[in-house]
Each structure stands twice: as C-alpha cells, then as structure tokens.
Amino acid sequence: MTKIVALTQAERTNILNQLSPMQVEALNEFTRYAMLSRFHTRHYLRQTDWEFQGMVIDPWYDRRHEHRGDNLYCDCGRRLKNQFILRSKTTGHHLFLGISHFQQHASIPAKVEREIRAGINEINLYMDGILVLYQAKREFPTAMFQYVVTHHGFKNQEGTILYQRCNLFRHVNLPLHPRDYEELKKRYLQLKAGKIHRLTKKEITNLLQAIADDWRQVDQQIILFNYQLRQESIPPQSIQRIKSNSINYALQRRHTRFFVTNYKHIKDLTLTKARAQLAIKLRQLSFYIQIMDDRPRAKYLCDQARQIMIAHETSVSNSHFFGIKEAKSLINGMNVC
C-alpha cells in the first residue's frame, strides 16, 4: 500500500523552487491534464448553464521573483494559479474564474464547488508524492520505460494516461508516482517473462474512450486559441479562414479528407482510425502553436500546447505551409504576398 504524503505549502514551494523551468511546466501539465479529465468524466457542470472550456495554469505562480509572461487573474481581479474558463450555454459569455468564485460569479452550487476543490486537493496529493521522490534524488526509470516501448508494451495503448505521463516526465527526468511506477514495472516484468497481452473488448472500449478524451482536450486547447484571437480583435472572417487553414494543414499528406468534428464520434471508430484522428487533431494544434508563438498574450496557451505535444510524442515543426503564412498575415493585419 502506497503511503500518502501531504506536503505543507511551504514544503511544496521549497521543492518546486528546486525544479528546472521545464520540470515545472511538465508537472503543471500533469496537473492540468488530471483536472481536465475530472471535468470530462464527472460532468461537474451538467446541471448548470455553464460548460467547461478549459483551464490555464500559471507554472510560475509560486516564483514571483522570476515570473515569466503575464499573470493569470480571476474576473474579480484576484491573481490566480489555476484559471478555469467557463462558457454560458445560453449567452455564449465567457468567465475566467478561480475555484473560490464559482458560486459567486456563475451561481454554481456550493456542493459542486466543494467537489471540484476536493479533486484539486487529490491531485495535489498525487503531485506531492512525485515531489517527495524528487527531493530524495529519485529519477525517471528510463531503462525500464525504453524496454517496454522497444518491446511494444504500449502497442495500441498510446492513449493511456501512463504512457503520456511517462513521455512528459522522461523528457525532464522527473520520477513517476509510486502507483505509475508499479504499473510500468508490471508491464516490464510481463515482457521480460515473454508474456504478450492481448487486448480484451473492454480494454479496447476503454482505450477508445481515452483517445476520445485526448481528442476533446486537444480540441479545447484549439478553442482557447480561437478565443484568444477574438480577444485580440481579429475579424470573424479572418478567424474562420484561419480555422480552415488549420484543417487543411492537419490533413496534409493524408490519403483521406475524413476529419472528426466531435469527440463522441471517436468511440465509433476502430483503434487504428481513432489514433489517426487524434494524430490529425494534434497536427491541427501544431498549426496554432506556429501561428501564435510570437504573441505575448498567447504564451500560456502555447506552453500548454507544447506540453500536450510532448505527452503524445509529437513534434512541432517549423512549416513553410502557405496556410501558416496566410494565418500570420491575417493576425497581423497584413496582405499576403
């Protein structure tokens, strides 16, 4: 049984201050992904007028002396570490809130607010387990992970949280939480013993659900990019053109023009086709990173998007695609040559 370790805020901040910038960003992406998963699976806002549009985390909230970029704020003006973005189903109005103001600004029941807060606390406990191991000089189990990957231990299971978390932490040498480590070790020992696991129907269903959740989170990140464009007063027709270019870019070099537009449709596909649609969606996200990378107000979004790409072992290229050049020109209000 894993011992639960709860750090005080001072202890947590002390260890966080020892991390490199890339380690801080990876850890915050883990936190954000875990929170997004909770919103998607527990349907916190189902009985309200609000739908969850995304979450932005300030990785430098506890490092004020070396803060990078703009701060995050609640609509009330209070500085935030976790900014939740909600959209009204009836009016389309957006709210940018800290968890303590869900009830005050969005009339979300106190019970729901408490459930969300409990989720954040649970995720913080999980993160504390990682930080304690880091302080004890534990590292990412690179050799074990590489063995599992090389021997196809994650074949058809690239959508699992374990695989994505391993990719995030491997790049920055952060230790895995004990539960994740034990799950990775179990796969490793099975492969060492020559056991080949064949997916059951239930496992395939769960994997399709995981891919659908991933697709949805990538889509929400793209929605936030488009919302940022609207906030920067980019004309609607230009935003529509940018969206069209992003889809064309995503489908480049594909033998099909099939493009899923709703995460629910993913579950009706085969695993191969579902993974292909996620890859297309990630390429669309790459498009937005490339066109928004030099815009200061989009820094958090670009940083988060890069962490998503890392988690999925997907690179962000520096493409010369005409649609990217045109999109940048539309954003900057220039004519395309």
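One table, with the values for the structure above:
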{"quantity": "Elements of type strands (runs of 3 or more DSSP E) in the range 41-147, at least 1 residues being of a type in the set (S, T, N, Q) and touching a residue at least 60 places away in the same chain (Cβ under 8 Å)", "calculated": "50-57"}
{"quantity": "Those residues of the range 233-273 which are surrounded by fewer than 12 Cβ atoms within 10 Å (Cβ to Cβ) and charged (D, E, K, R), in sequence order", "calculated": "Arg253, Arg257, Lys264, Asp268"}
{"quantity": "Test: residue in the range 179-188 that is surrounded by 18 or more Cβ atoms within 10 Å (Cβ to Cβ), in the same structural domain as Ile280 (by TED's automatic domain parsing) and under 26 Å from the mean Cα position of the chain (by Cα)", "calculated": "no"}
{"quantity": "Lone qualifier among His93, His105, His101 - being modelled with pLDDT of 85 or more, touching a strand residue (DSSP E or B) at 6+ places or on another chain (Cβ under 8 Å) and over 30 Å from Ala193 (Cβ atoms)", "calculated": "His93"}
{"quantity": "From Leu301, Leu278, residue being crowded, with 19+ Cβ neighbours inside 10 Å, in contact (Cβ under 8 Å) with a residue 60 or more places away in the chain and over 21 Å from Ile234 (Cβ atoms)", "calculated": "Leu278"}
{"quantity": "Residue check, Gly54 in the same structural domain as Gln18 (by TED's automatic domain parsing), modelled with pLDDT of 85 or more and on the phi > 0 side of the Ramachandran plot", "calculated": "no"}
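The values are calculated or read from the model by the stated rules, or taken from the named source; none is laboratory data. The shown structure was predicted, so the numbers you read here are calculated from the model rather than taken from an experiment. Quick reminder, even Gly has a Cβ in these numbers, built from the backbone with ideal geometry, and neighbours come from all protein chains shown.
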